[in-house]
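Remarks on the structure that follows.
The values are calculated or read from the model by the stated rules, or taken from the named source; none is laboratory data. Note that the coordinates shown come from a computational prediction; the quantities given were computed from them, not determined experimentally. Cβ: placed from backbone, ideal geometry, glycine included. Neighbour counts: every protein chain shown.
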Amino acid sequence: MLSLVPVGILPRAAAFFIDFLIRTPFYLGAWFVVLTKAGAGAGLMLILVFLLEWFYPVLFEVLRHGQTPGKRALGIAVTHTDGTPVTLNGSLIRNLIRQADFFPMLYLTGFIAMLSNHRFQRLGDLAGNTMVVYVNSERPAIQVMTDSSTAPDWPATLDDQQTLLALLERKDTLSAARRQELSAFAWPELNGTESEQRAMNVARYLRGHS
């Protein structure tokens, strides 16, 4: 079981702001060139702005262990949801879909998406199977489910198996509170996160042996 600490909205916003400040001098320089010159020089500066906006985070996330300068300053990083380092494909997807998170304005869609799941994933994270986590943190860890499996520790009936498999299949459509509530019926001695973890692991085991 892998312990990851998902990062909430405010630290992520602060990291984004730091990265924006780092890019601002380049944006201002490009704007000055565009206003004072025409032709190839202005076109090249516009290309530079495009590359900075869309590939600045990808470059750092892939080459610097999931950390842009802003994320590094806040002690956070991008990983895949199973805790493995973010790949080029995952970083490209999460950053290219950032425009959808901005829709219709002020990052509203991304804000709503992050509040709707326990990993605080925006649309780009959901598409890229990524999340932002604390690194070298002393915070108590939230247990994030990985793809491990566990055999049931009781003689599971057909109804038990169907219920657990249905929970696994519908996990992305249920809130964390609802998943934990349902899992607690089988493991009332565990806390909400642990009972959910156990339910998902047993369900994966049953799916693999069905």
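Before moving on, here are some points about what is shown:
- Restricting attention to the range 54-68 and to residues that are surrounded by 16 or more Cβ atoms within 10 Å (Cβ to Cβ) and under 13 Å from D19 (Cα atoms), the residue that is farthest from the chain's Cα centre (by Cα) turns out to be Y56.
- Residues located in the range 76-105, provided they are in contact with a strand residue (DSSP E or B) (Cβ under 8 Å, 6 or more places away or on another chain) and either outside the structural domain of N129 (by TED's automatic domain parsing) or surrounded by fewer than 15 Cβ atoms within 10 Å (Cβ to Cβ) (or both): G83, P85
- Each residue in the range 166-196 was checked for being among the hydrophobic types (A, V, I, L, M, F, W, C) and part of a helix (DSSP H, G or I), and 7 pass.
- Of everything in the range 185-199 that is under 23 Å from D82 (Cβ atoms) and out of contact with any helix residue (DSSP H, G or I) (no Cβ under 6 Å at 6 or more places or on another chain), the residue that is surrounded by the most Cβ atoms within 10 Å (Cβ to Cβ) is Q197.
- Hits in the range 150-195 - residues which are under 26 Å from A113 (Cα atoms), β-branched (V, I, T) and in contact (Cβ under 8 Å) with a residue 12 or more places away in the chain: T193
- Verdict on L106 being of a type in the set (A, V, I, L, M) and either assigned to a helix (DSSP H, G or I) or farther than 26 Å from V133 by Cα (or both): no
- Residues in the range 109-129 that are part of a loop (DSSP other than H, G, I, E, B) and over 12 Å from T81 (Cβ atoms): S116, R122.
- For the range 117-146, the candidate set comprises residues that are polar (S, T, N, Q) and modelled with pLDDT under 90; within that set, the residue that is nearest to T193 (Cα to Cα) is Q143.
- Filter result for L190 (of a type in the set (A, V, I, L, M, F, W, C) and at pLDDT 80 or above): no
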